[in-house]
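The values are calculated or read from the model by the stated rules, or taken from the named source; none is laboratory data. The structure displayed is predicted, hence computed values, not measured ones. Here Cβ is always computed from backbone atoms with ideal geometry, including for glycine, and neighbour counts include all displayed protein chains. Heavy atoms of the whole protein, side chains included, go into the accessibility calculation; ligands, DNA and RNA do not. Shrake-Rupley method; radii C 1.70, N 1.55, O 1.52, S 1.80 Å.
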Amino acid sequence: MTTTAPEIPELEAQERRLTLPHFTYDEAWALGTLLVELARARSAPVAIDIRRGGQQLFHAALPGSTPDNDAWIDRKRRVVERYGCSSLLVGTRFRAKGTTFEESSRLDPDVYAAHGGAFPIAVQGAGVIGTVVVSGLPQLEDHALVVEALERFKESR
């Protein structure tokens, strides 16, 4: 799967479009199992994580994923929690300024990673309340998988 890098306006539009009316424990399970189904259909060696606030509501590690994927999940998730937008958007904004997140954020790259795959769970009227993260594919594919799942999830509601 070849994915072209989305531009800043497209990434911002994704976040606006994928704001949810609400997000419950059962919906976290539904989104997580949808991600697992999509990943399995592609034999994608990914780990998947969904959190609301500080609570992990869903986690799955598919065949081929490793403990490193969990470390990447944590690093990408922290970027979403700090900046309130997708990890890919954060990294893209730094690159648009002619620099990189690692060079200019002043944050420890062992703790934060502005690589694609972490997306905010935003709820209408509440803002960002959690994260959904995929790790195991190239960063643009991690991001695309999360966006596809959120689009399908939102349509099914």
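Stretch Gln55-Glu102 to full length: gain in nm at 0.36 nm per residue minus the Cα-Cα span? Before the final figure, lay out the partial values.
Values: separation 47, 0.36 × 47 = 16.92 nm, distance 2.73 nm.
Working it through step by step, the gained length comes to 14.2 nm.
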Just add up the charged neighbours of Gly91: K/R +1, D/E -1, any other residue whose Cβ is under 10 Å from the Cβ of Gly91. +2
Return the ratio Rg/(2.2 N^0.38 Å) for region 26-99, where Rg is computed over Cα atoms only. 1.23
Just to compare against my own numbers: the Cα pair-distance distribution for region 10-69, 5 Å bins, whole % per bin, please. 4, 16, 21, 21, 21, 14, 3
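Starting from the Cα-Cα distance between Ala5 and Asp68, subtract it from 0.36 nm times their residue separation and give me the gain in nm to one decimal. Mind dumping the intermediate values first?
Working: separation 63, 0.36 × 63 = 22.68 nm, distance 2.37 nm.
Extending this stretch completely gives an extra 20.3 nm.
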Binned Cα-Cα distance frequencies in the chain - 5 Å width, integer %: 2, 10, 21, 25, 22, 14, 6, 2, 0
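Does region 117-157 come out rounded, prolate or oblate by the C-alpha gyration tensor, with a ≥ b ≥ c the root eigenvalues, rounded set by a/c under 1.5 and, if not, prolate when a/b is larger than b/c and oblate if not? Kindly include the intermediate steps, with their values, before the conclusion.
On the way: a/c = 3.34, a/b = 1.52, b/c = 2.19.
Note, shape of region 117-157 comes out oblate.
Counting only other residues whose beta carbon sits under 10 Å from that of Leu57, what net charge do I get with K and R as +1, D and E as -1?
Numbers: positive: Arg51, Arg52; negative: Asp26, Glu27, Asp49.
With Lys, Arg at +1 and Asp, Glu at -1, the net is -1.
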Taking region 46-88, how much of its Cα-Cα pair set, in percent, is spaced more than 13 angstrom apart? 56 percent
Set the Förster distance to 22 Å, then compute FRET efficiency between Arg157 and Val111 from the Cβ-Cβ distance, nearest 0.05. 0.05
Charge context of Pro45, other residues only, Cβ under 14 angstrom, K/R +1, D/E -1: -2
Computed over the chain, protein heavy atoms only, probe 1.4 angstrom, the accessible area per residue in square angstrom equals 49 Å²
